[in-house]
Ligand code: SF4
C-alpha cells in the first residue's frame, strides 16, 4: 500500500509527513516535497504514530453510574442517550445556556465548524469557547485592531530569510517547532540578525545576535522604549506613516515618556541593548517582528502586541517584502479553530456573532432564522469559572481539550468541573479531565479521519486519512451528528463526512474576513495548501497580506497608543519572585498525547522548576532537590533544575504535566480586558525547599 501524504498531529507548523504501512502498523516517513518543513520533523512528529496503537487507547464509551463511582464500558446507544438526556434536563431546568461546549485548538476546521454549529443550532446555547482562547487570542485581537485582519503570519515562512533583522518576542521555536529554524538559519546565512526578547536564555536565544532579557510582563515598556530611541535617532519612516497608517501622533506623544534609562529601570534591559536593538531594526532595509506567547499570555497581552505593531509601523517595516509583524500560532489549528465558530463571539469566516449581516448569512447557510441564533457567550475562563453556578453551564461537552491541566488556576477549574450536573468528554485517552466525566466518548485520531487544518501562515492544509479508526471508535463529527439527531435537530446536520462539512464551511465563510470559498480538497492536495482569503476557485489564494492595503475599510493600518501598565500581580514580601510558564521540546500542550509516548516521556518524565544558581544558594538548594512553589492560587511541587539561563528573580515551570507539578495550579486567571486571555506568563511566587510529597 502507498504512503499517505498528511501532516503532524501537533503544533501549528503542521509539518508535512508521510504515513506508510509496515508490518500492520503506520510508520512516519519524511515528506521532503512539502514546502514548509521540507522533510524536517521534531521528535514529537517522528513518534506521533506510536499513539495509534497505544494500549491506553479508548475503544468503547465509558459511563459512570454515580458520582464517585467508577467509569464502566457502555454501548454507544446508552452513552449518547445519557448525554442527550443530560443536556435536555439542564436546559429544561436552567435555560438554554445551561448546556455548554468547550472545544480545542487541535480540532480540524471541519470539527471546529461543526462544534460551533452544534452549540448554536443543536443546543441553542451561547456557551461555547475553546482552549485557543488561552493560546493567541491577544495577538489575534491586536491584529484585528491594527490591521483589520487577524492571520497569524500575514506572509509565508519563505519570507523570514528576507528580513535583515528579526525581533522575536517571547518565543522559543528551537524547542517548540524545531523545523522552522531552517528559515532562521537561512536568514542568518544571508547576513541577517536575530534579536530575541525573553526572560529566559533559551536555545533560540543562543542563536541570536542580541538578547533582551526583560523582566516578565514589561513588554510594552520595552516596545515603547525601542520606539522612543527610533524617534530620537531619526529612524522613523515618515513617508510610510503618512501613506499607509493612521493614529501616529498619539503614539508619538506616548512613547516620548519612555526614555531609555526609565525603560531600563522597568524592564531590566540595559540602555545600550535597547539602543542597539532599535538601531538594528531601524537601520535595516527589511525587518520583521515575530511574536510568541511571552508578550501575549498576559492581562495586557493585547496592549503588548499593539506596542510592538506600533514599532513595526513606525519603522515602515510592514506590508512590504521581508517585513511585517506576525504571531507564531502554537496549537495545531489555533488559527482555523477561531476562524470558524468555536470562539464565543464568532461565526464562521471570522464573522462577528453580534453583526446582523453576519448572522443572516450564516443562518441562511444553516437553513434557520437568524433570530434563533444565540448571541455572544462568555470567554473560556469566564465560562469555566461559572460552571455549576446560577446562570452558568450545568451540562458540559469537552471536545479535544484537557482543562484540568491547561486552564489557569487549575484546582479551582477542577472544582468547578466537579460541580457540574453532567460532564461528557470526547477524547482518545482518559485524560485528567475525562477522569472527572460522567460519560467518556472514544474518538478517532488524526490519521484515522480526513480534514483540513490552517497552519501558522494561514495556509489551509489537507490531513488525509491513512487508516480506519479501531472498531468501537467514532469520529468527533459522527458523535456531533448522532447527538444532534437525539436532540431532534438532525435535519440541520446532514453529514459527518469531512469533505461535505468543508463544502458547507466554504459557503458559511464566503464573503467573511477568513474567506475559504474557493478552497477545495482537490486544490489543497494539488497546490500543497491554499492561503486564505481565497474567495473563488479561480483565485490563487493570498500568501501575502497587506502589500497593497491593510484590512481596515480605509486600507490603512492603525496605530494605538499604549502606555505601559504593570502586570496584575507584582512580587511583594509574601511572594517575592516572578513565575513564568512555557513548553519543553519533548511535550505538547497538556501532554495527554506526548506523556504517553515512551521516548518523549523518558526524555522529560516530570515537571521541574528552573532556578538560577544565585537564588538556589539563598535557599541552600542543590540540583534535583524537591521544592514547593506557591502563589495565591496554590502550591506545586517539583524538582529544582539549576540553570543560569533564567533570571535570578524568576522561576520557570513547564505546563505539560499532571500531578503535584501541575504548573497551572499556580497561574493567575487575571484576564486581558479585550482578548480575555489569562495571565499565564507572569505572577508572583514564593519558593521553599520541600521533602517529596507522598506519591510524587
Ligand atoms: Fe509536529 Fe510541530 Fe514538531 Fe512539526 S514542529 S513535527 S508540526 S510538533
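The values are calculated or read from the model by the stated rules, or taken from the named source; none is laboratory data. This structure is a prediction, so every number in the text was calculated from the model and none was measured. Backbone-built Cβ (ideal geometry, glycine too); neighbour counts: all protein chains shown.
Residues in the stretch 499-558 that are in contact with a helix residue (DSSP H, G or I) (Cβ under 7 Å, 6 or more places away or on another chain), within 24 Å of residue 309 (Cβ to Cβ) and not in a strand (DSSP E or B): 514, 515, 546, 550, 551, 556.
Answer yes or no as to whether residue 36 is buried (at least 24 other Cβ atoms within 10 Å of the Cβ), outside any helix (DSSP H, G or I) and within 16 Å of the ligand (Cβ to nearest atom). The answer is yes for residue 36.
Of the residues making up the stretch 247-289, those that are crowded, with 24+ Cβ neighbours inside 10 Å and closer than 17 Å to residue 146 by Cβ are 251, 255, 287, 288, 289. Among the residues making up the stretch 339-359, a single one is part of a helix (DSSP H, G or I) and crowded, with 24+ Cβ neighbours inside 10 Å: 339. Of all residues in the stretch 372-392, those being assigned to a loop (DSSP other than H, G, I, E, B) and within 21 Å of residue 675 (Cα to Cα) number 9.
Quick check, is residue 460 under 18 Å from residue 131 (Cα atoms) and either surrounded by fewer than 22 Cβ atoms within 10 Å (Cβ to Cβ) or touching a residue at least 40 places away in the same chain (Cβ under 8 Å) (or both)? No, not satisfied. When the stretch 88-112 is filtered for residues that are in a helix (DSSP H, G or I) and in contact with a helix residue (DSSP H, G or I) (Cβ under 6 Å, 6 or more places away or on another chain), the ones remaining, listed by number, are 90, 91, 98, 109, 110, 111, 112.
Residues checked against (1) within 20 Å of residue 558 (Cα to Cα); (2) touching a helix residue (DSSP H, G or I) at 6+ places or on another chain (Cβ under 6 Å):
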| position | (1), (2) |
| --- | --- |
| 250 | yes, no |
| 256 | yes, no |
| 267 | no, yes |
| 273 | no, no |
| 276 | no, no |
| 280 | no, no |
| 285 | no, no |
| 289 | yes, yes |
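Does residue 26 satisfy being surrounded by fewer than 24 Cβ atoms within 10 Å (Cβ to Cβ), within 16 Å of the ligand (Cβ to nearest atom) and in contact (Cβ under 8 Å) with a residue 40 or more places away in the chain? Yes; evaluated as a whole, the condition is true for this residue.
Please verify whether residue 185 is without any contact (Cβ under 8 Å) to a residue 24 or more places away in the chain, surrounded by fewer than 24 Cβ atoms within 10 Å (Cβ to Cβ), within 16 Å of the ligand (Cβ to nearest atom) and under 30 Å from residue 45 (Cα atoms), treating the condition exactly as stated. Considered against the rule, which asks whether it is without any contact (Cβ under 8 Å) to a residue 24 or more places away in the chain, surrounded by fewer than 24 Cβ atoms within 10 Å (Cβ to Cβ), within 16 Å of the ligand (Cβ to nearest atom) and under 30 Å from residue 45 (Cα atoms), residue 185 comes out as yes.
The number of residues in the stretch 629-669 that are part of a loop (DSSP other than H, G, I, E, B) and at positive phi comes to 1.
Residue count for the stretch 323-374 satisfying the condition of being within 21 Å of residue 555 (Cβ to Cβ) and in contact with a strand residue (DSSP E or B) (Cβ under 8 Å, 6 or more places away or on another chain): 5. Checked against the criterion of being more than 16 Å from the ligand (Cβ to nearest atom) and either crowded, with 24+ Cβ neighbours inside 10 Å or within 30 Å of residue 489 (Cβ to Cβ) (or both), the candidates 169, 194 yield just one match: 169.
Inspection of the stretch 48-57 finds a residue satisfying the criterion of being surrounded by 12 or more Cβ atoms within 10 Å (Cβ to Cβ), within 16 Å of the ligand (Cβ to nearest atom) and under 15 Å from residue 443 (Cα atoms).
State yes or no: is residue 43 in contact with a helix residue (DSSP H, G or I) (Cβ under 8 Å, 6 or more places away or on another chain), within 15 Å of the ligand (Cβ to nearest atom) and farther than 21 Å from residue 443 by Cβ? Against the criterion (in contact with a helix residue (DSSP H, G or I) (Cβ under 8 Å, 6 or more places away or on another chain), within 15 Å of the ligand (Cβ to nearest atom) and farther than 21 Å from residue 443 by Cβ), residue 43 qualifies. Looking at residue 63, is it surrounded by fewer than 24 Cβ atoms within 10 Å (Cβ to Cβ), outside any loop (DSSP other than H, G, I, E, B) and either within 13 Å of the ligand (Cβ to nearest atom) or at positive phi (or both)? Considered against the rule, which asks whether it is surrounded by fewer than 24 Cβ atoms within 10 Å (Cβ to Cβ), outside any loop (DSSP other than H, G, I, E, B) and either within 13 Å of the ligand (Cβ to nearest atom) or at positive phi (or both), residue 63 comes out as no. Residue 113 falls short on exactly one of the conditions (1) within 16 Å of the ligand (Cβ to nearest atom); (2) within 25 Å of residue 468 (Cα to Cα); (3) buried (at least 22 other Cβ atoms within 10 Å of the Cβ), and that condition is (1). Filter the stretch 8-23 down to residues that are out of contact with any helix residue (DSSP H, G or I) (no Cβ under 8 Å at 6 or more places or on another chain) and more than 7 Å from the ligand (Cβ to nearest atom) and give me whichever is farthest from residue 46 (Cα to Cα). The residue in question is 23.
The helices (runs of 4 or more DSSP H) found entirely in the stretch 233-304 that carry 3 or more residues being farther than 29 Å from residue 549 by Cβ and at pLDDT 95 or above are 260-267, 271-283.
Residue pairs, Cβ under 7 Å, 6 or more apart or interchain, first in the stretch 33-50 and under 15 Å from residue 587 (Cα atoms) and in contact (Cβ under 8 Å) with a residue 12 or more places away in the chain, second more than 10 Å from the ligand (Cβ to nearest atom) and part of a loop (DSSP other than H, G, I, E, B). List them. Pairs found: 43/586; 47/597; 50/597. What are the residues in the stretch 580-621 that are in a strand (DSSP E or B), under 22 Å from the mean Cα position of the chain (by Cα) and either away from the ligand (no atom under 16 Å from the Cβ) or without any contact (Cβ under 8 Å) to a residue 40 or more places away in the chain (or both), if any? If the condition is that a residue be in a strand (DSSP E or B), under 22 Å from the mean Cα position of the chain (by Cα) and either away from the ligand (no atom under 16 Å from the Cβ) or without any contact (Cβ under 8 Å) to a residue 40 or more places away in the chain (or both), then 580, 581 are the ones that fit.
Suppose the filter is within 26 Å of residue 336 (Cα to Cα), part of a helix (DSSP H, G or I) and modelled with pLDDT of 95 or more; does residue 417 pass it? For residue 417, the condition - within 26 Å of residue 336 (Cα to Cα), part of a helix (DSSP H, G or I) and modelled with pLDDT of 95 or more - is not met.
As a summary of the residue check, residue 307 satisfies the conditions (1) closer than 21 Å to residue 578 by Cα; (2) in contact with a helix residue (DSSP H, G or I) (Cβ under 6 Å, 6 or more places away or on another chain) except for the one numbered (1). Any chance the stretch 422-441 includes a residue that's under 18 Å from the mean Cα position of the chain (by Cα) and either closer than 30 Å to residue 684 by Cβ or in a loop (DSSP other than H, G, I, E, B) (or both)? Within the stretch 422-441 (the criterion being under 18 Å from the mean Cα position of the chain (by Cα) and either closer than 30 Å to residue 684 by Cβ or in a loop (DSSP other than H, G, I, E, B) (or both)), the answer is no, since none of the residues qualifies. Give all pairs with beta carbons closer than 6 Å in which a residue from the stretch 171-182 that is under 21 Å from residue 297 (Cβ atoms) and in contact (Cβ under 8 Å) with a residue 40 or more places away in the chain meets a residue that is near the ligand (Cβ under 10 Å from one of its atoms) and in a loop (DSSP other than H, G, I, E, B); count only pairs at least 6 apart in sequence or on separate chains. Hits for this filter: 175/585; 177/11; 177/13; 180/13.
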